[in-house]
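Data first, discussion second: the structure below is written as structure tokens.
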Ligand SMILES: Nc1ncnc2c1ncn2[C@@H]1O[C@H](COP(=O)(O)OP(=O)(O)OP(=O)(O)O)[C@@H](O)[C@H]1O
Ligand SMILES: [Mg+2]
């Protein structure tokens, strides 16, 4: 080429802020790695040997089970999974039903100012933060084991998420139609029924469906604490390391969830 | 006023569809009530029992010294799993994105793997690895590594598929191979979003790491289980309050850090 | 000896559309060729067959007697690293620094591990700075690409292509997103650099006046066929009306 290569020593130095960012970046990575190493040594993980032993003893039997699952438990797996499915439906419905009224008290634009919505928003955060499984344990302890405990745990916990997204949707609605109803002499209730509800319903439905996908996953494990569904037969077989039966249950769970997800996300895409 | 019958009616197709939808939902709910034995009486009595039980949950703060060590372990489990899981998720992210994958077969395999990973909930991973590896923090970490991979790879590949294709084409035209194209044209475009997702996954992992202890995968959940088994409800209450505070704190930190990023 | 050779190149897109219908051309080393034609005539398609971004369904393109069309994998990447490309929409990584964008042009010649780690040798970094100096924006090296004006971004695009030390330069409507004065500045930079380094250049342009100002040779395309091939002097208004299949309009001129 025409250009003679230059002497590398006169490459311009990056300006100070670029160098500073580079140093900060490296410092950040070093900190992350240091914390990682610190965590590894202080959390008293078992020895590598135990890890290898566990894998040797149980991993291959599990893999063998996945290739050749115990078909005799298919009936049980299918029944428990459909119970799980229906638990998720009822839990989601309960959550949506309860979240619907609450969400209006967490939407600033309907209450005439963000600060009036703060208590409602705080309540929703509190509900979201409370782990669902702990709720389930409390329900089981209070009202006995079974699907009802799981449905109620899911229902309560879902309020947190659904209430939040519902109120976000409400805060984002178009004010025009509301004014139009008011201008036509409608009262608060008319405004609500004829302009707020129709605007928010499709999006609400889409969020409810999404929550249903999450709840279906949650419902598969609630049984591990006695709150109904496929979790109970699964954890029993896990405790006795019946890998061939565990595999059958796993296959049904994964297959079921994948199919429901596919259907649900297709419906959601058509809703919005 | 016109006779009712002469009013135009909505088109038949729409009516049939609406009727079918209502019928489908009605059937689903009837089945659901039957299959689960759920009814409104149970709902009300359950709620009453719940509040009665809740009344007994008075925190006993003398349990605090016992709570700290497993609480710290819970956060450590979440932290280690987030880092390892995020690193392992990266190759899947690029192989499962149509614009950065190597070939259609690999793309399909990576996506299928991702779908399966994503369909398994955190607690199920935990129960599985407790059975494989025994009680303790180890199965907790391994479980959350898999869980992280599922969540992050999905979010990540959606981000990668949405990037500006221009720089990709420019680098391809300049003769750069796939790996270099990813490093130079894709990573700069997605890095900030990815870091924000990793923070978000850390947030989820802290919540998950609290509950996986309930099936024996280490951390505060395991202590909670012990208190529950001994009907030590004041200890349970103390743990619940502490969990509540920690989760709020970490959520707050994560939201703050993510707002700094973008 | 021809530097770039199109041998009866035909491109049929998957939609069934025949975008090039047997193009044969020889372009000698160092020539500055401008391709003109209406939208949809096949200009972009023609340019993209040179670096195999579009693979001809029939015929072949050779650069330096290397059959690019038949090259795959490493051979194709080597061929491409000798061919710079400039895009209408610049195609910069907006969140990366200008320098890093220019360095991307060096990737093709770099050992794998260096490319992936981004560990460029000092000579390459120095060369990237030189390229920026040659397009007149040496002071922008450490600025993020999205902080530049359109004209400056296109200069980064040129610098990136230049960093490849190419023997061929392709430019697909490089000034279509720029205002008239900037268009002329960018085009004269491109022409000057091509001249200085003896780079064979193919540029797609919409504007008649710019084509006449900068071209050594003008190629007119219509419906996937070369309908004119001659010097700027031969490319009269009548010839352009023939290429465009309609009377000339003011929008066919960029103006000064
Ligand atoms: N990827 C593709 N798939 C299918 N058809 C395409 C594709 N790219 C271009 N075409 C079609 O091929 C024909 C030629 O397109 P090309 O982009 O080469 O035209 P052009 O002369 O560059 O036009 P413009 O001035 O608008 O850029 C057009 O009819 C176009 O619609
Ligand atoms: Mg074009």
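Quick note: the coordinates plus some simple rules give every number you see, no bench work behind them. No experiment lies behind these values; they were computed from the predicted model shown. Here the Cβ is made from the backbone with ideal geometry for all residues, glycine too, and neighbour counts use every protein chain on show.
If residue A:211 meets every condition in (1) away from chain B (no Cβ under 12 Å); (2) more than 19 Å from the chain's Cα centre (by Cα) apart from one, which number is that one?
Answer for residue A:211: the failing condition is (2).
Run down C:254, C:192 and say which single residue is over 16 Å from the mean Cα position of the chain (by Cα) and either assigned to a helix (DSSP H, G or I) or away from chain A (no Cβ under 14 Å) (or both).
Exactly one residue qualifies, and that residue is C:254.
Helices (runs of 4 or more DSSP H) wholly in segment A:1-97 with at least 1 residues that are over 33 Å from the mean Cα position of the chain (by Cα) and within 14 Å of chain C (Cβ to nearest Cβ) - which ones? Please lay out each step first, then the result.
Working: elements: A:16-42, A:48-54, A:60-67.
Result: A:16-42.
Looking only at strands (runs of 3 or more DSSP E) that lie completely in segment C:1-78, which have at least 1 residues being within 16 Å of ligand 2 (Cβ to nearest atom) and either on the phi > 0 side of the Ramachandran plot or surrounded by 15 or more Cβ atoms within 10 Å (Cβ to Cβ) (or both)?
Here the list reads C:2-12, C:18-28, C:32-37.
Please go through segment B:65-75 and pick out each residue that is surrounded by 14 or more Cβ atoms within 10 Å (Cβ to Cβ) and more than 15 Å from residue B:140 (Cβ to Cβ).
Hits for segment B:65-75 are B:66, B:67.
Scan segment B:188-201 residue by residue and report those that are surrounded by 18 or more Cβ atoms within 10 Å (Cβ to Cβ) and within 13 Å of chain C (Cβ to nearest Cβ).
Result: B:188, B:189, B:190, B:193, B:194.
What residue, among those in segment C:87-108 that are within 16 Å of ligand 1 (Cβ to nearest atom) and surrounded by fewer than 21 Cβ atoms within 10 Å (Cβ to Cβ), is nearest to residue C:187 (Cα to Cα)?
C:88
Suppose the filter is out of contact with any helix residue (DSSP H, G or I) (no Cβ under 7 Å at 6 or more places or on another chain), more than 7 Å from chain B (Cβ to nearest Cβ) and within 16 Å of ligand 1 (Cβ to nearest atom); does residue C:55 pass it? Give the steps one after another, and end with the answer.
Working: out of contact with any helix residue (DSSP H, G or I) (no Cβ under 7 Å at 6 or more places or on another chain): yes; more than 7 Å from chain B (Cβ to nearest Cβ): yes; within 16 Å of ligand 1 (Cβ to nearest atom): yes.
Answer is yes for this residue.
Within segment A:177-200, work out how many residues are outside any helix (DSSP H, G or I) and surrounded by fewer than 16 Cβ atoms within 10 Å (Cβ to Cβ).
Summing the residues that are outside any helix (DSSP H, G or I) and surrounded by fewer than 16 Cβ atoms within 10 Å (Cβ to Cβ) in segment A:177-200 gives 3.
Kindly provide the set of residues from segment C:210-241 that are surrounded by 15 or more Cβ atoms within 10 Å (Cβ to Cβ) and assigned to a helix (DSSP H, G or I), ordered by number.
Within segment C:210-241, C:210, C:211, C:212, C:213, C:214, C:239, C:240 meet the criteria.
Would you say residue C:202 is within 16 Å of ligand 1 (Cβ to nearest atom) and either more than 12 Å from residue C:88 (Cα to Cα) or part of a helix (DSSP H, G or I) (or both)?
yes
Can you find even one residue in segment C:109-121 that is at the interface with chain B (Cβ under 7 Å from one of its Cβ atoms) and closer than 21 Å to residue A:15 by Cβ?
Checking segment C:109-121: at least one residue is at the interface with chain B (Cβ under 7 Å from one of its Cβ atoms) and closer than 21 Å to residue A:15 by Cβ.
Taking residue C:84 as the residue in question, decide whether it is away from ligand 2 (no atom under 13 Å from the Cβ), free of Cβ contacts under 8 Å to residues at least 60 places away in the same chain and either farther than 25 Å from residue C:192 by Cβ or not in a loop (DSSP other than H, G, I, E, B) (or both).
So residue C:84 does not fit the description; no.
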